[in-house]
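Asker: There's a structure below that I have some questions on.
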Amino acid sequence: SSETPKDLLGGTEGVLVVDGYTGYNAVTDVNGRIRAACLAHVRRKFFDARAERPELMDEVLVLILDVYRVEHEALARGIVRTKAHQELRSTKGRAAMDALKTWLDAHKDAFAPRSSRVGKAIGYALDNWAHLTVFLDDVHVPIDNNASERDLRLIAKGRDNWMFAGNDEAAEKLVALLSLAVSCEANRINPEDSV
C-alpha cells in the first residue's frame, strides 16, 4: 500500500528513484517530489526475457550497457556529480538513452503488449520513459537505485534472525542502530571511530 511511503516521505521534497511499484504514487509527482525510474529494473526485465528472444534481448541489453558506460566514464574520470558529469550525461548519456528509445519504439508493435516477457519489458520501459530520463537533467540523480537495494538486502537477509528481538522496545532500538550503521557506511564513516 502507499501508507508506508506516505508515513516516511509525506511532506518531503526531492527526487525518489524507484521501480514501478504503485505504492509510491502517493508521494511522487506531488508536493515537489519527483519520481525517477530505476534503469536496473528495466534491464532486469529484458534480461529475464532472454529466454524468449536471446539475440533480440542482447541488442537492447547492449544499449542499456551503453548508458552505464557513460556513468562508468564519469567515475573513472573522477567527475561524478560535477558540471563535467552533467555535460557527459547531456551528450553521451542522452545519445545512449535516445538510442534505447529508438529501439523500444521500433519493436513495441512486434510483440503483444503484456502477453510475453518481451512485450512486458518493452511496455514497462515505455510506460516509465519520462521517469527513466530524469537523471539526464540532474547530475545528483542516480540512474538506478541499486545502492539502496544492496543496503536493504542486508536487512532482508537478517530479518528471520531478528524476528524475535525480545520486545517492541528492543526491536525499535535494533532498527535505530541498523539505520545508523547503514547511514555511516553510506557516508564512509566508521561508527566505532565516532565513539
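Asker: Ignoring ligands, DNA and RNA, what accessible area per residue does the chain give at 1.4 Å, in Å²?
Answerer: Details: 12180 Å² over 195 residues.
Value for the chain: 62 Å² per residue.
Asker: Of the options Ala125, Ala84, Leu100, report the single residue whose Cα projects farthest towards the positive end of the charge dipole of the chain (beta-carbon charges: Lys, Arg +1; Asp, Glu -1).
Answerer: Checking the options against the dipole of the chain, the answer is Leu100.
Asker: Mind checking which of Phe46, Val27, Ala165 is farthest towards the positive end of the chain's charge dipole, using Cβ charges of +1 (Lys, Arg) and -1 (Asp, Glu) about the Cα centre?
Answerer: Phe46
Asker: Using a simple charge model, +1 on the beta-carbon of Lys and Arg, -1 on the beta-carbon of Asp and Glu, nothing else, what dipole does the chain show about its Cα centre, in debye to the nearest 20? Could the numbers behind the result be given before it?
Answerer: Numbers: 26 positive and 30 negative charges, 98 e Å.
Computed charge dipole of the chain: roughly 460 debye.
Asker: Please compute the modelled spin-label separation between Thr4 and Ala186, points set 7 Å along Cα→Cβ, answer in nm with one decimal.
Answerer: Reported label-point gap for Ala186 and Thr4 is 1.5 nm.
Asker: To the nearest 10 square angstrom, how much accessible area does Ser1 have with a 1.4 angstrom probe?
Answerer: 100
Asker: Cβ neighbours within 10 Å, averaged per peptide: list 9-17, 113-121, 165-173 in order, most packed at the top. Intermediate values should be presented prior to the final figure.
Answerer: Numbers: 9-17: 14.4, 113-121: 16.7, 165-173: 11.0.
Ranking, from highest mean packing down: 113-121, 9-17, 165-173.
Asker: Kindly state, to the nearest 0.05, the FRET efficiency for Ala112 paired with Tyr21, given R0 = 35 Å and r defined as their beta-carbon distance. Provide the component values of the computation, followed by the final result.
Answerer: Working: r = 24 Å, r/R0 = 0.69.
For R0 = 35 Å, the calculated efficiency reads 0.90.
Asker: On average over all directions, what projected area in square nanometres does the range 1-91 have, based on the convex hull of its Cα atoms? Intermediate results must be reported in sequence, preceding the final value.
Answerer: Numbers: hull surface 31.7 nm².
It is 7.9 nm².
Asker: Follow-up question, since we're still on this one. For a quick check of your reading of the filter: which chymotrypsin sites (Phe, Trp or Tyr not before Pro) in the range 133-192 sit in a DSSP loop and have no more than 13 other Cβ atoms within 10 Å? Mind dumping the intermediate values first?
Answerer: On the way: sites: Phe135, Trp162, Phe164; in loops: Phe164.
Filter output for the range 133-192: Phe164.
Asker: In nm, to one decimal, how far is the modelled label at Val134 from the one at Asp48, with both set 7 Å along Cα→Cβ?
Answerer: Distance between the two pseudo-spin positions: 2.2 nm.
Asker: What is the chain by shape, rounded, prolate or oblate, if you read a ≥ b ≥ c off the alpha carbon gyration tensor as root eigenvalues and call it rounded for a/c under 1.5, prolate for a/b larger than b/c, and oblate otherwise? Please list the in-between numbers first.
Answerer: Working: a/c = 1.92, a/b = 1.49, b/c = 1.29.
Since a/c reaches 1.5 and a/b is larger than b/c, the shape of the chain is classed as prolate.
Asker: Still on this structure: Just how far, in whole angstrom, is the range 24-72 from the range 82-135 if you go by their alpha carbon centroids?
Answerer: Cα centroid to Cα centroid, the span is 7 Å.
The values are calculated or read from the model by the stated rules, or taken from the named source; none is laboratory data. Because the structure is predicted, anything quoted here is derived from the model rather than measured. Glycine gets a Cβ as well: all are built from the backbone with ideal geometry, and neighbour counts include every protein chain shown. Calculation scope for accessible area: heavy atoms of the full protein, side chains included, ligands and nucleic acids excluded. Shrake-Rupley method; radii C 1.70, N 1.55, O 1.52, S 1.80 Å.
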